[in-house]
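Everything below concerns the one structure shown next.
The values are calculated or read from the model by the stated rules, or taken from the named source; none is laboratory data. Model, not experiment: these values are computed from the prediction. Glycine also receives a Cβ, built like all others from the backbone with ideal geometry; neighbour counts cover every protein chain displayed. Areas reflect the complete protein model, heavy atoms only, side chains present, ligands, DNA and RNA absent. Shrake-Rupley method; radii C 1.70, N 1.55, O 1.52, S 1.80 Å.
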Amino acid sequence: MVVPEAVRQRRRTEGKPVRSDEKGKPQPGGRLKFSFTAGRQGNRVMFCTIILVVILGTRQGYYILSRAMKQTFGSFSFSIFPRTGKGVCSSIPLRTLSTTWKKKRSQIVKASQHPDDPNYSHKKWTEQLLKELSPNLMSESITSRPSQNATRRILQILQNKIASPLTAPPLKIAVVGGTTVEGRGCDGSTSVTVPKDSIMGNPTYCAWPYRLEQFLNSLFDGQKVVRVVNMGEEGTETALMTPLLRNRIYPKMLLPHGPDVIINAYGAGDYMSSTTQTPHETIQMEMEAFVQAAKQSRGCGDQGVPPLIVNMDDSTLAAVLKEDVVFSLNYNDAISKINKWDKPDDSDVPFGMAGHVSLAWLLSYTFGEVALDYCRADEIVAPNDPSYVTETCGDSEGNDTDSCVFRFFAGPTGTVKKAHEITKYITPFIVENQGWNAATDMDAGWSRKAGLEANSMDAAISLQVESIQKEVTFVTIMVLRTNLPKYQKSVAKFTLYVNENKPGVDVREMSFEIEGYHDSPTHITYPVEVDLKDYKAAVGSDLRLRIEMVGGNAFKILGILFCS
């Protein structure tokens, strides 16, 4: 093998930083000048430049990368791993993230400017907030780190997007959570106000998921490197999102393969109380199920790699998750300090605008630490996780990922949003209906305004899916639970019939009841997932669900899933 002179010269410097003279010849000492080559000429990638660009807002790194790509010929491709599998970042002198973050305050403040605050009326407030949220405080929020493999994949996606900005997909991040993720109370602050007519008055465009996307992309001078999809919905919890993830029920912008990162930001107060478990046991159990569902939520081929799962906790009841793909954070101390500096003006929310801006920074900073840990590692481990699947993908619409034979979920991020959409979907499956109608009302909040409603004691409806093409092992029902007077003593009976259409095989039947009323002064989307076990419906079977009112005068169904 012929070793280029530049490489021999670099070896003679014994790992010391090198600079290039006017002719491009490496010289010992000075600042490091990055060089990029493509194809057979070495395929050398200075990977940590990308990290500096993404996390630290280093424009110099971006321009170096841009010039390098323009100077290459033919197609240009990046590879995180050199052929030896080691030393990806060894040639770059890595400073602590804390030092760089402090030195880049002006860039961070600029990247934090809300798109609908053109005069940056919040600039001084943002500068002061940044002083309050120290790097050490953000670093201490990390309770567990993901594996090198999980980190590598996220950075590879970012690298590919930089290399091919027009064709490569962005890093897709899905955020699930309750009222705080939805943005409730974000426009409230004791020291700053929302500019007149600004979209910041809309919780969605004030909440930290939106700010996280804007912040990270601003570090790329506005390039759409990251796409954050806010799936937050008031009155929900982790147990609701688990079957949605398992069955890949995502907003269209995340299809066909699902998100690359899933952030679970449900707080301890979002979990429902249990008479048989402590709050910590409930959180632990639900998060373990959530992680397993998320790991199965990808498509296939290279897209089958499990997403990175970020578990954000706000209390001492945090779940302990020993999974390679989990990155855990506890932001309670950070937000507590911020709230002392700038209290929210709504006592019913855990934090206001200052907390939302702070969480966007905290997530960016802590992932920066994980990324730099990756670069500091002595050896970069190649992917060997058995969950990296290699099956063949289906069509581009993502039908290969559809594990349900019947599914509707009404809500802002559901499969349907309006009453007429519910009617259109379920009508072909109705074989009996007395007193059930798709309807819309705001009594129980925006997220639960559309649903399938019964408003009489004798209401009954039957839905049937004939000759199913996939085995059904789970039935999930999502209902409204509320303290509204009209739902008092509300109970519906659900009876499932499985007919295998085989001579001599009896129709199997199982039933259960769900209440629609509770004493809590809240309106929630309550999920009930039934494992069919001995009642599994095989391919070719007919599956029928009969729903009848057995108590009260009103009941509302927000979703029904028949899935494998």
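Simple point charges give the picture: +1 on the Cβ of Lys and Arg, -1 on the Cβ of Asp and Glu, and for the stretch 228-369 a dipole about the Cα centre of about 400 debye. The charge dipole of the stretch 442-564, taken about the Cα centre with unit charges on the Cβ atoms of Lys, Arg (+1) and Asp, Glu (-1), comes to about 260 debye, rounded to the nearest 20. Nonpolar atom fraction for the stretch 198-275, defined as the carbon and sulfur part of the 1.4 Å probe accessible area, stands at 50 percent. Using the charge dipole of the stretch 138-206 (Lys, Arg: +1 at Cβ; Asp, Glu: -1 at Cβ; taken about the Cα centre), state which of V194, T143, T179 has its Cα farthest towards the positive end. Final value for the positive-end residue is T143.
Per-atom-type breakdown for the stretch 517-564 gives carbon and sulfur 43% of the accessible area (1.4 Å probe, protein chains only). Charge dipole of the stretch 149-281 (Cα centre as origin; +1 on each Lys and Arg Cβ, -1 on each Asp and Glu Cβ, all else neutral): 620 debye, rounded to the nearest 20. Working from Cα pairs under 8 Å separated by at least six residues, relative contact order for the stretch 134-261 is 31 percent. The listed residues D531, D519, D313, once ranked by accessible area (1.4 Å probe) with the largest placed first, stand as D519, D531, D313. Label sites at A439 and E515, each approximated as a point 7 angstrom past Cα along Cα to Cβ, lie 2.2 nm apart.
Using heavy atoms of the protein chains and a probe of 1.4 Å, the accessible area assigned to T99 is about 60 Å².
Using a cut-off of 21 Å between Cα atoms, the listed pairs K161/K417; K172/K252; K102/K123; K172/K449 include K161/K417; K172/K449 as exceeding that distance.
Think of the stretch 420-495 as having a plus end and a minus end, set by charges on the Cβ of Lys, Arg, Asp and Glu; of I422, M478, N433, M478 sits farthest toward the positive end of this dipole.
Restriction of the trypsin sites (Lys or Arg not before Pro) in the stretch 192-225 to DSSP coil positions whose beta-carbon has at most 14 other beta-carbons within 10 angstrom yields K196, K224.
Dipole orientation for the stretch 218-340: of the candidates V225, Q284, V326, V225 has the Cα lying most toward the positive pole (charges on Cβ; Lys, Arg +1; Asp, Glu -1). Look at the alpha carbon pairs under 8 Å that are at least 6 residues apart: their mean separation over the length of the stretch 403-514 gives a relative contact order of 21 percent. Classify the stretch 121-174 as rounded, prolate or oblate from the Cα gyration tensor: take a ≥ b ≥ c as the square roots of its eigenvalues, call it rounded if a/c is under 1.5, otherwise prolate when a/b beats b/c and oblate if not. Cα axes put the stretch 121-174 in the oblate bin. Summed over the residues of the stretch 85-218 and divided among them, the accessible surface reaches 43 Å² per residue at a probe radius of 1.4 Å.
Spatial offset of the stretch 488-541 relative to the stretch 148-225 amounts to 39 Å, using the alpha carbon center of each.
Of the trypsin sites (Lys or Arg not before Pro) found in the stretch 481-564, those in coil by DSSP whose Cβ has at most 16 other Cβ atoms within 10 Å are K489, K536. The trypsin sites (Lys or Arg not before Pro) found in the stretch 317-346 that occupy coil by DSSP, while having at most 13 further C-beta atoms within 10 Å, are K322.
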